[in-house]
Amino acid sequence: MYNEYPRMNADLQRLIDLQRLDSAAHDAQRRLAEAPDREKALEARLTDSQNARRAIEKEVAVHQGRLSKFREQAMAVKTNQEYHAIQHEISFAQTEIKKLEDGVLEHMVAGDDLTALVKRAEAELAAEQKAVDADRRAMTAEAATLQASLDQLGAERANVIGALDKQVLSMFEQIARKRNGVAVAEARDGICTICHVRLRPQVFNNVRRNDAIVQCDSCNRILFFVPAAASAPSDAPQPAP
């Protein structure tokens, strides 16, 4: 919670605290709601790796089939040469054998390259599986932390609400519903830091005193002022889009 500024209205201080709690709870709930999409993204990563490996395996199978065919054809030509010892047929057979042997060699080299690719793809898939498992464990741990945080924020919120004036609380809730959950804004240099509209001088002077509930004329958010001697805490309400 904020350190109380000099002369700050008690309900205004509570509203600032309430906004901080609600904003933190909203962030935690949003993160939890994103979990299914994050799980789908992890599954997609694995599927992509598996598909890449299968594609390479299919290509290896095609080359292995071609290699077997070339070998069978080469053996057939050699057999033909043995049984039909005619000079021009021998010459033809030798030429065909050379072509086929070159084809066999070509496919063997290609097969070796593809086999290496398969091994690399398998290693990459194993590494991806390990990374995905680690991400899943991190997501599970984060979900537990977020849920614990929500429980704590809920307890703090109940304490703040219990001490708030009911009319002021009703005002806060109405504004929050209309303004994406952000009902409290800092006024700085005469401007509402969320809607960025310049305040009337008298309104800004009233806000600077922090001794009453003052609303922005433009967005109706409840305004507070951070004195020059104090620095705004890092968890101050942030501008909504």
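Annotations
- Taking Ile16, Ile161 and counting other C-beta atoms within 10 Å, the order from fewest to most: Ile161, Ile16
- Over all other residues within a Cβ to Cβ distance under 11 Å of Leu18, the charged ones net out to -2, with Lys and Arg as +1 and Asp and Glu as -1.
- Charge sum, other residues only, whose C-beta stays under 14 Å from Ala141's C-beta, Lys/Arg counted +1 and Asp/Glu -1: +1
- Residues in segment 183-204 reached by a label modelled at Ala228 [backbone nitrogen below 15 Å; 7 Å Cα→Cβ]: 188-190
- Comparing Cα centroids, segment 169-211 and segment 121-161 end up 35 angstrom apart.
- Other residues lying with their Cβ under 13 Å from the Cβ of Val168 contribute a combined charge of -2, Lys and Arg counting +1, Asp and Glu -1.
- Close amide H partners of Val214, meaning residues 5 or more places away or on another chain with modelled amide H under 5 Å apart, are Leu223.
- Linear extension gain, Asp133 paired with Lys166, 0.36 nm per residue minus alpha-carbon span: 7.0 nm
Rule-based calculations on the coordinates, nothing more; no lab input. All values reported here derive from a predicted model rather than from experimental measurement. All Cβ positions, glycine included, derive from the backbone under ideal geometry; neighbour counts span all protein chains shown.
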